[in-house]
Structures are given as structure tokens and as C-alpha cells.
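All remarks here apply to the structure that follows.
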Amino acid sequence: MPRRVSEPEDIGFSPSGIKIIDFGFSFIPEKDCAYFSWHFPKGGLPAPELLTGIGQTALPFKVDSWCLGSLIYFVLTGSLCFAHQSLSEYRLALDALRAGQHDLINKLPEDVKGLYVPLILGLLEMDPGKRLAVEELSQGPYSEVMNVD
């Protein structure tokens, strides 16, 4: 069963950095298998694909990416990125973030915004096929931000 691994209680803080410390029910997804919204814990802000139609995905780890993006946003701003669980709310907030018109993000220092806004947008991509995978965070421009070992 899929489980979000990017909830606040799954994050460890130490002088050497921040680490994800609880991987819960890790699993190997089956090819061409559908994972429904009820496979995922309630609460938080579900990925957009879980809000449409019958609420399913063939890319369960992209749901984890969405949750990680929401968590990073929360850590930086102290607030949820989206006021409501709706596709229209998601689109409005992400459009404002892309346009540099997001009040809470704009209060951050420029160097923090420059590092984290592209990462947040990549993780909160509405299309799960285009959304950053957790594996991609250790590569390219994101490796500096995530400090993945």
C-alpha cells in the first residue's frame, strides 16, 4: 500500500542537516496498476490526480513528490500552499507562484526564493508525468538544494 513519506513527523533535524527518517510502508509499484485515493492517507493536500474522476494514479511515487513539495512550502512559509483541496485553487496558487505574485514566498530572502521556488514548482507540477520524481532531486540543480547523500 502506498504511503506518503513526506509528512512533518517523517523529517529529522540535526546539526548536520535534514533527513527523511521514516519510509513507512515502502513498496515496489506494479506496472500498469492503478492506485486509488483511498490507498493514500487522509489529510494534507492530495495530489491533483487524486482529486479527479475516480481519484487514481499509476504513478504513486509522484504523489509523494507532490506531498514533498507541499511540505517544503510549509517549512519555508509556515502556511499551506493551497487554501482548499480543489484543482482550481491549485492552479490559481501555482500561477501566482510562477508569476512571482505569491505573498508568503515573496517575503523570503531572494537567495532562498531562487533556490526553492523552482524546486517547489517542479514538485507541485499538476501533471504527474511532468512532476519531478524524488530520484531527480539528487541530480542537476536540485542536488545543492536537497543535499542528498
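Scanning the range 93-103 for residues that are farther than 21 Å from residue 47 by Cβ and either part of a helix (DSSP H, G or I) or of a type in the set (Phe, Trp, Tyr) (or both) yields one hit, 103. Residues considered: 52, 57. Of these, the only one that is β-branched (Val, Ile, Thr), modelled with pLDDT under 75, within 25 Å of residue 85 (Cα to Cα) and out of contact with any His (no Cβ under 6 Å at 6 or more places or on another chain) is 57.
Whenever a residue of the range 81-92 is in a loop (DSSP other than H, G, I, E, B), its partners that are acidic (Asp, Glu), lying with C-beta atoms within less than 9 angstrom and at least six residues away or across chains, give the pairs 82/89; 83/89. In this structure, residue 122 does not qualify as at pLDDT 90 or above, assigned to a helix (DSSP H, G or I) and under 24 Å from residue 15 (Cα atoms). Within the range 25-48, the residues that satisfy the criterion of being modelled with pLDDT of 75 or more, crowded, with 17+ Cβ neighbours inside 10 Å and farther than 20 Å from residue 135 by Cα are 45, 46, 48. For the condition loosely packed, with under 14 Cβ neighbours inside 10 Å, assigned to a helix (DSSP H, G or I), more than 15 Å from the chain's Cα centre (by Cα) and aliphatic (A, V, I, L, M), residue 112 qualifies. Annotation for the range 126-136: at least one member residue is among the charged types (D, E, K, R), in a loop (DSSP other than H, G, I, E, B), without any contact (Cβ under 8 Å) to a residue 40 or more places away in the chain and in contact with a Pro (Cβ under 9 Å, 6 or more places away or on another chain).
The values are calculated or read from the model by the stated rules, or taken from the named source; none is laboratory data. Since the structure is predicted, the reported quantities are computational estimates derived from the model, not experimental observations. Note: ideal-geometry Cβ built from the backbone for every residue, glycine included; neighbour counts use all protein chains shown.
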